[in-house]
Every structure is written in C-alpha cells, then in structure tokens.
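Some notes on the structure that comes next.
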Amino acid sequence: MKQKIDVRHQIVLSQVMLPAQANVAGNVHGGEIMKMMDAAAAAVAQRYSRGNCVTARVDELQFHLPIFVGALVTVTASIIYVGHTSMEVHVFVEAEDLESTSGPEKALSAQFTMVCMGKNGRPQTVPEYIPETETEKRLFEEAKAKREAMKQKRK
Ligand SMILES: CC(C)(COP(=O)(O)OP(=O)(O)OC[C@H]1O[C@@H](n2cnc3c(N)ncnc32)[C@H](O)[C@@H]1OP(=O)(O)O)[C@@H](O)C(=O)NCCC(=O)NCCS
C-alpha cells in the first residue's frame, strides 16, 4: 500500500517545457530543471519553517532520463529530516509525454539542504520534525545517517 505523506512536508510544482528552455535538438537544459527543483525545495522549506530559506547544499543530483520540449515536468519536494536550523529536502522530478499514454517517468532526483535565515542574516531555529509513517521514519533515519557522515567529512 502506498504510504501517505503529510502535505505540510511536501509540495508539487508542474510546468510544460517550452522551446526557450531547450537546445536546438529539443533537449531541455539541465539548469532549467535544477532551477525548478531549487524553487520547490525552497518553497517547502519556507512553508515548513515560516522563514526565509536558502540552499546550503545539493547532493546526489542525478539525471535519469532526458526531457524534451512539450513534456509536462512535475517536481515533488518533501522534507525528510530537520536539524536545528536546516532541513533536508528530497526532490524528485517526473516527466510525462502528453501525447503518449505511457504516463510520467522519473527523470531526476536530488537531496537539498535548506537553511532558514533570521532577520539578522544568521541561521534561525526551525520547528522540530517528528516522522510518523514507516516511510517517513525510514527516510528520516537515512537522512540523519548521511548528514552525520557529511558533517564528519566537512570537519
Ligand atoms: C548556508 C549558510 C547560511 C550556513 O552558514 P554557517 O555560518 O555555516 O551557519 P551554521 O554553521 O550555523 O550552520 C547552519 C546550518 O547549516 C548547515 N550547513 C552549513 N553549511 C552546510 C553545508 N555546506 N552543507 C550542509 N549543511 C550545511 C549546518 O549543519 C547547520 O545545520 P543545523 O543548524 O541544522 O545543525 C551560509 O553558508 C550561506 O549563507 N551560504 C549561502 C547560501 C545561499 O545564498 N544560497 C543560494 C546561493 S545562490
């Protein structure tokens, strides 16, 4: 059975890809999709923390499939872990050829670290996140372990 994710921790953005976003062969530029992913990660972090959020880090960005002009691109951003002032946001992108019946396919994925900034320009504390479903708990523990490993590497 598909697990339900709390909508306060998730947002979905969709947009049809236009020629100005692509090269002459019709391939949509990676940066166009990355911009949508960043916007979605910022929006979900901002809604969760009710503060201004900036991107501190992007990990595991992968382009699984090409995206072409005319495709409907849907970006889903979900908060999976919250630290003191930062939030880990999993972002995945689906692309759908609207003239085909094959349905949406996973095209990109990445993990964003967003930091909530206070009016003084310094990171500010965000509300505690308590995962509830089995999926949320698993993603939380995985993100926590990755974050600890990354902190050790940065030291
Ligand atoms: C992100 C930023 C605010 C962190 O500043 P800082 O002085 O290192 O702040 P802190 O040490 O207090 O860290 C704040 C949080 O960010 C996290 N963090 C900081 N640098 C990080 C990095 N490189 N990767 C992952 N997390 C990071 C810390 O772990 C901490 O998380 P926690 O409070 O949940 O434990 C600062 O580096 C910055 O302003 N960067 C530019 C952000 C930006 O403008 N992005 C858009 C660019 S166009």
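Can you say whether I80 is modelled with pLDDT of 95 or more, buried (at least 17 other Cβ atoms within 10 Å of the Cβ) and under 22 Å from K137 (Cα atoms), as far as the supplied structure shows?
Against the criterion (modelled with pLDDT of 95 or more, buried (at least 17 other Cβ atoms within 10 Å of the Cβ) and under 22 Å from K137 (Cα atoms)), I80 qualifies.
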Report task. Identify, by number, the condition in (1) touching a Cys at 6+ places or on another chain (Cβ under 9 Å); (2) charged (D, E, K, R); (3) within 13 Å of the ligand (Cβ to nearest atom) that R50 doesn't meet. Result -> (3)
Query raised in the report: Which residues, counting only those in region 83-121, are among the β-branched types (V, I, T), under 21 Å from A145 (Cα atoms) and part of a strand (DSSP E or B)?
Result: V89, V91, T113, V115
Query - Residues located in region 102-155, provided they are touching an Asp or Glu at 6+ places or on another chain (Cβ under 9 Å), more than 14 Å from the ligand (Cβ to nearest atom) and basic (K, R) - result: K106
Query - Inter-residue pairs, beta-carbon under 9 Å, first within 12 Å of V91 (Cα to Cα) and in region 103-127, second in a loop (DSSP other than H, G, I, E, B) and aliphatic (A, V, I, L, M), 6+ apart - result: K106/L65; A107/L65; A107/I67; A107/A71; L108/L65; L108/I67
Report task. Select from region 48-81 the residues that are hydroxyl-bearing (S, T, Y) and in a strand (DSSP E or B) and write down the one among them that is nearest to G30 (Cα to Cα). Result -> T74
Report summary line: The condition from (1) over 16 Å from C116 (Cβ atoms); (2) surrounded by 14 or more Cβ atoms within 10 Å (Cβ to Cβ); (3) modelled with pLDDT under 95 that A95 misses is numbered (3)
Query raised in the report: What tally of residues in region 14-47 results from selecting those that are in a loop (DSSP other than H, G, I, E, B) and either closer than 21 Å to L98 by Cβ or under 11 Å from the mean Cα position of the chain (by Cα) (or both)?
Result: 6
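The values are calculated or read from the model by the stated rules, or taken from the named source; none is laboratory data. Source: prediction; values computed, not measured. Cβ sites come from the backbone with ideal geometry, for glycine too, and all protein chains shown count toward neighbours.
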